[in-house]
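What follows is a single structure, written as structure tokens, with notes after it.
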Amino acid sequence: MSDSEKTTIRERSDTLAAALEERYQARGCEVTTSLGEVTMVVPREQLIELATELRDDEAFHFEIVVDICGVDYSTYGESEWVTAEASSTGFGRGVEQNQNIDTDKDDRFAVVYHLLSLSNNQRLRLRVFVDNREPMVDSTVGIWENANWFEREAFDLFGILFSGHPDLRRILTDYGFVGHPFRKDFPLEGHVEMRYDQELKRVVYEPVTIESRVLVPRVIRAQSDTVEQQDSTDA
């Protein structure tokens, strides 16, 4: 990408951010720009009204929602990797297994909407924070029809409820699945494991038998004399 193209993208983002601030800052929205991307935090109770305006107003005309996802900020800004202490040879543990997760953190859950305007060649990220104890937000299926499965995914993986959704049920996990696997307090190995029983002729669930661990792989590099020998051969 040339410098002129980068400048054009930056100018377009700055123009969009300025227009959003002028229109929505007084309504409690917060607009930020980073790396050429515009993000607007929207109050939960105003989501439907603002999303409708962003879709229909010719100044914005975000007629497509590209993606909707949930976010768990309970460990935001923290790192579980301890590579400085991990073994430098062979295999060694690369993460700290006993992290303290603040499940009561304010603004723990958020729903993020990635919008696209084909008419204006612009993109916008909306972020809506939801209640920690009962994460719920209004469904946007009535605004963007393809939000249906995106919202079901966020419900399945994060446990975020979408009020008014026409068919809010799990979409990725198995029937009867307990918990929401993308929450930070959900164990990586899960709660149960499943297998097909030849005698019972059905899938059975059993307690987890695997150990939760992350390994740092050993990287084997060619010896210097081997590299020199290959260079001399090529010459």
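The values are calculated or read from the model by the stated rules, or taken from the named source; none is laboratory data. A quick note: this is a predicted structure, and the numbers were derived from the prediction, not measured. Every residue, glycine among them, receives a Cβ derived from its backbone with ideal geometry; neighbour counts consider all protein chains shown. Note: accessible area is taken over every heavy atom of the protein model, side chains too, but ligands, DNA and RNA are not part of it. Shrake-Rupley method; radii C 1.70, N 1.55, O 1.52, S 1.80 Å.
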Residues that are open to solvent by 20 Å² or more (accessible area, probe 1.4 Å) and not in a loop (DSSP other than H, G, I, E, B), drawn from segment 111-120: His114, Leu116
Yes/no for Val95 being under 27 Å from Leu188 (Cβ atoms) and modelled with pLDDT of 90 or more: no
Filtered residues of segment 180-202 (kept if of a type in the set (Phe, Trp, Tyr) and open to solvent by less than 60 Å² (accessible area, probe 1.4 Å)): Phe186
Scan of segment 121-179 for residues that are part of a strand (DSSP E or B), aliphatic (A, V, I, L, M) and either open to solvent by 40 Å² or more (accessible area, probe 1.4 Å) or over 25 Å from Leu20 (Cβ atoms) (or both), ordered by number: Met136, Leu161
Residue list for segment 188-235, restricted to those being in contact with a strand residue (DSSP E or B) (Cβ under 7 Å, 6 or more places away or on another chain), at pLDDT below 85 and of a type in the set (Lys, Arg): Arg213
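Picking from Ala51, Ala17, which residue would you name as being at pLDDT 95 or above, within 14 Å of His114 (Cα to Cα) and among the small types (Gly, Ala, Ser)? Reasoning before the result, please.
On the way: Ala17 fails: within 14 Å of His114 (Cα to Cα).
Answer to the selection: Ala51.
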